[in-house]
1. For the range 120-195, which helices (runs of 4 or more DSSP H) that fit wholly inside it have 2 or more residues that are modelled with pLDDT of 95 or more, in contact with a Phe, Trp or Tyr (Cβ under 6 Å, 6 or more places away or on another chain) and of a type in the set (D, E, K, R)?
2. Kindly establish whether ASP125 is open to solvent by 10 Å² or more (accessible area, probe 1.4 Å) and touching a strand residue (DSSP E or B) at 6+ places or on another chain (Cβ under 9 Å).
3. With respect to ALA92, is the statement that it is touching a helix residue (DSSP H, G or I) at 6+ places or on another chain (Cβ under 6 Å), part of a helix (DSSP H, G or I) and either among the hydroxyl-bearing types (Ser, Thr, Tyr) or buried (at least 16 other Cβ atoms within 10 Å of the Cβ) (or both) true?
4. Return yes when GLU36 is free of Cβ contacts under 8 Å to residues at least 60 places away in the same chain and among the acidic types (Asp, Glu) and no when it is not.
5. If only one of GLY84, GLY73, GLY69 is at pLDDT 95 or above, open to solvent by less than 40 Å² (accessible area, probe 1.4 Å) and not aromatic (Phe, Trp, Tyr), which one is it?
6. Checking GLY60 against (1) open to solvent by less than 10 Å² (accessible area, probe 1.4 Å); (2) more than 15 Å from the chain's Cα centre (by Cα); (3) within 20 Å of ALA221 (Cα to Cα), which test does it fail?
7. Which of the following residues is surrounded by fewer than 21 Cβ atoms within 10 Å (Cβ to Cβ) and at pLDDT below 95: GLU36, GLU27?
Amino acid sequence: MIPWLQLDTTRVPGAEVELRLMRRGTEFSMMLGPNELMNSRLSGSEEALATLACKRLEAGKAAHLLIGGLGMGFTLRAALAVLGSEARITVAELVPAVIAWARGPMAGIFGDSLSDPRVHIREADVADVIGARASAFDAILLDVDNGPEGLIRKANDALYDAKGLKAIRRALRPGGVLAVWSSGPHPAFTKRLRDAGFDVNEVNLRATTRRSGARHVIWFATKS
């Protein structure tokens, strides 16, 4: 068995936690203490966050997407694969080191996605990007923290409360879609989405294409 090698560590702004980038052969992992936040071998649900959201868009292949959280780029690359040349994708990533890892040790995973002319990477809190402009996005895709119940940064909870959902609804264009990734179900969040005026579809997906393994949840909430 090839041992894990720690490549780098970083502090998450606004949180007293250490994020670690690990590598084992060609496999990468982001760890928070004993918890694995993401792994380069497990990308199914993060890719579905983009592909299934894009299918729901009235704007089609010329849509403007906001992705909250760069991670290992699964959602970004999946969106690029299905959107046309007129599309725009803004990625808001709070942690500077995550962007550096994408351009450095994980460059082979990201390929040319970061240099794609449709992509704009912003080192910013996605909540600030959401609050900056009304009717700015056809879709907002959130893979921030661990879902509606934050694991890393308490401030992330504000994205998913009633006030945060109101701000998201304001930032979406008519017919726009909010897609939220979560490591597990959260009935109270489903109710909050409906109370905020969204039409909600909750989907359970495997982390991989195999028929076994962890199940994740994605909410697709459409602004009517």
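The values are calculated or read from the model by the stated rules, or taken from the named source; none is laboratory data. In this text, all values refer to a predicted model and were calculated from it rather than measured experimentally. Cβ: placed from backbone, ideal geometry, glycine included. Neighbour counts: every protein chain shown. Heads up: the accessible areas ignore ligands, DNA and RNA and are worked out on the full protein's heavy atoms, side chains in. Shrake-Rupley method; radii C 1.70, N 1.55, O 1.52, S 1.80 Å.
1. none
2. Criteria met by ASP125.
3. Working: touching a helix residue (DSSP H, G or I) at 6+ places or on another chain (Cβ under 6 Å): yes; part of a helix (DSSP H, G or I): no; either among the hydroxyl-bearing types (Ser, Thr, Tyr) or buried (at least 16 other Cβ atoms within 10 Å of the Cβ) (or both): yes.
No.
4. Details: free of Cβ contacts under 8 Å to residues at least 60 places away in the same chain: yes; among the acidic types (Asp, Glu): yes.
Considered against the rule, which asks whether it is free of Cβ contacts under 8 Å to residues at least 60 places away in the same chain and among the acidic types (Asp, Glu), GLU36 comes out as yes.
5. The unique qualifying residue is GLY73.
6. Unmet for GLY60, out of (1) open to solvent by less than 10 Å² (accessible area, probe 1.4 Å); (2) more than 15 Å from the chain's Cα centre (by Cα); (3) within 20 Å of ALA221 (Cα to Cα): (1).
7. On the way: GLU27 fails: at pLDDT below 95.
Of the residues listed, the single one that is surrounded by fewer than 21 Cβ atoms within 10 Å (Cβ to Cβ) and at pLDDT below 95 is GLU36.
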